[in-house]
Amino acid sequence: MTAQNANATELSTSNAPDEQTVQPVLSATEETENVANDTAASRHGAATTARQWQVLSQLQRNRWVGTTHIYEQLKLAGFDISLRTVQRDLNALAKRFPIEKNNANPQGWRWKDDAPLQSLPHMNLSQAVAFNMVEANLTQLLPPAILDELFPWFDLARRQLKNSKVTHSWIDRVRIETATQPLIAPHIDLDSKDNIYHALFYQLQIKACYTRSNKSEASEYVLNPIAIIQRGVIIYLLATRTDDPEAIIRTFALHRFASVEILDSTAVTPNDFHLDSYLDAGSMGFTHPLLSQLPDRGKSTPIELRFTKRAGKSLTESKLSDDQIVVFNDDETLTIHATVNLTSQLVWWLRGFGKGLLEAKPPLLYQVVLDKKSDNE
């Protein structure tokens with residue numbers, strides 16, 4: 001523990017009451033009063049420590065923070081104090097921590113340039129909100145090695161937000177909703193998931209027992225983990241099989257792993273692999289079996305879609321591609337021109353428009369959209 005952390009236990013000593021001389025013999029009433037006084041003093045000291053810790057958490061390096069701003073932040077955090085209390089706290093803290101003030105009006109405070117900030121686990125309300133949203137939305141994609149380090153910060157964020165009505169109001173008013181039908185995520189073996197994430201993080205190979213979607217029995221593979229992708233509620237591992245001389249990148253759904261063993265051997269990633277390029281190429285969209293007969297398996301194909309004006313309105317605000325062109329027709333329809341990858345995902349999406357989609361080109365795309373029996377993947 002650093003000297004700065006040790007000082008944290010002394011934050012409230014300047015406000016603690018003087019020690020009282022205890023008489024050799026006390027009456028029952030006097031003992032009760034002393035216990036009550038000790039309890040009150042303890043609560044007062046704890047409250048002062050929590051408040052002063054919050055004061056320190058507001059300070060920055062190389063930037064002056066005004067006492068009024070600190071006071072307002074503490075009020076948001078639920079502290080019922082005055083500006084004068086904050087000023088007294090800062091002057092008291094300056095005797096124990098490497099902080100300094102300026103001569104401006106209003107006065108500003110900051111950490112000194114040589115202050116070892118890494119040893120002070122502080123968090124302001126804005127950071128607490130960010131950690132809270134990370135915990136709510138991204139923990140499924142973080143490896144155990146990182147999660148283990150973040151859990152104390154998640155806990156600190158929850159405690160930081162507990163008494164703040166303003167930030168709780170914000171969190172209660174913000175949600176992430178998918179644009180598709182909500183689905184319940186399939187069960188994932190947690191040991192397998194942790195081992196996959198660990199192996200990916202440290203670039204190690206894995207031996208996995210995996211059941212393919214078209215098989216009833218599991219097979220054993222030795223894999224080179226490459227990347228993790230969440231698509232809807234399904235989490236996929238991108239990997240190559242060590243028994244594949246072509247090193248084709250394959251997708252493995254995490255919920256189909258029955259067991260995973262981490263190996264000591266280093267995982268091999270194809271030299272030309274870039275995750276963004278892989279995704280931009282539409283590889284996670286899954287090629288439709290009929291559309292795969294088109295040139296380059298339907299990648300980067302110009303399409304033309306004609307919608308009713310009402311059905312196609314959303315595409316005038318959210319584009320299918322950067323080169324999209326919208327043409328408003330005289331018959332209360334609109335035509336979309338765009339370049340996209342022809343995937344099963346595109347087919348499912350177009351079917352969602354129902355009768356609002358009037359025509360699609362190339363003709364094979366429209367045939368696949370209309371003929372639901374063509375889905376045999």
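Quick note: the coordinates plus some simple rules give every number you see, no bench work behind them. Since the model is a prediction, treat every value here as computed from it, not as a measurement. When we count neighbours, we look across all protein chains shown, and the Cβ atoms used for this are built from the backbone with ideal geometry, even at glycine.
Multiply the residue separation of Ile248 and Asp172 by 0.36 nm, subtract the distance between their alpha-carbon atoms, and state the gained length in nm to one decimal.
Values: separation 76, 0.36 × 76 = 27.36 nm, distance 4.47 nm.
Difference between extended and current length: 22.9 nm.
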Label region 198-261 by shape, choosing from rounded, prolate and oblate, from the square roots a ≥ b ≥ c of the eigenvalues of the Cα gyration tensor; if a/c is under 1.5 it is rounded, and otherwise prolate applies when a/b is larger than b/c, oblate when it is not. rounded
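Leu275 to His69: FRET efficiency via 1/(1 + (r/R0)^6), r the Cβ-Cβ distance, R0 41 Å, to the nearest 0.05?
Computed FRET efficiency for Leu275 and His69: 0.50.
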Modelled label-to-label distance, Ser292 and Asp330, 7 Å Cα→beta-carbon offset: nm? 4.5
Can you compute 3J(HN,Hα) from phi for each residue in region 302-314, using the Karplus curve 6.51 cos²θ - 1.76 cosθ + 1.60 with θ = phi - 60°, rounded to whole Hz and x for Gly and Pro? x, 10, 9, 10, 10, 10, 5, 4, 5, 5, x, 4, 4
So, counting K/R as plus one and D/E as minus one, what does the shell of residues with Cβ under 13 Å around Ala311 add up to? +4
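Run the numbers for Asp322 and Ala218: contour at 0.36 nm per residue of separation, minus the present Cα-Cα distance, in nm. Display every interim value, and only then the final one.
On the way: separation 104, 0.36 × 104 = 37.44 nm, distance 4.23 nm.
Gain in length upon complete extension: 33.2 nm.
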Could you run the Karplus curve 6.51 cos²θ - 1.76 cosθ + 1.60 with θ = phi - 60° over region 324-337 and give me ³J(HN,Hα) per residue in whole Hz, x for Gly and Pro? 4, 10, 10, 10, 8, 8, 6, 9, 6, 10, 9, 10, 10, 10
For region 221-238, just list the computed ³J(HN,Hα) in residue order, Karplus coefficients 6.51, -1.76 and 1.60, θ = phi - 60°, integers in Hz, with x standing in for Gly and Pro. 10, 9, 10, 9, x, 10, 6, 10, 9, 9, 10, x, 9, 9, 9, 10, 9, 8
Residues whose modelled amide H sits under 5 Å from the amide H of Ile206, counting only those 5 or more places away in sequence or on another chain, are Leu223, Leu263
For Thr301, the residues 5 or more places away or on another chain with a placed amide H closer than 5 Å to its own amide H are Val340, Asn341, Leu342
Label-point separation (nm) for Thr211 and Arg159, each offset 7 Å from Cα along Cα-to-Cβ? 4.3
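Give me the Kirkwood hydrodynamic radius of region 287-374 in Å, from all C-alpha pairs, to one decimal place? If you can, show how the numbers build up before the last one.
On the way: mean 1/r = 0.0762 Å⁻¹.
Evaluated on region 287-374, it is 13.1 Å.
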Check which residues have an amide H placed less than 5 Å from Gln230's amide H, if you skip close sequence neighbours. Tyr236
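Grab the Cα-Cα distance for Glu359 and Ser259, subtract it from 0.36 nm times how many residues apart they are, and report the gain in nm with one decimal.
Details: separation 100, 0.36 × 100 = 36.00 nm, distance 4.69 nm.
Full extension of this stretch gives 31.3 nm more.
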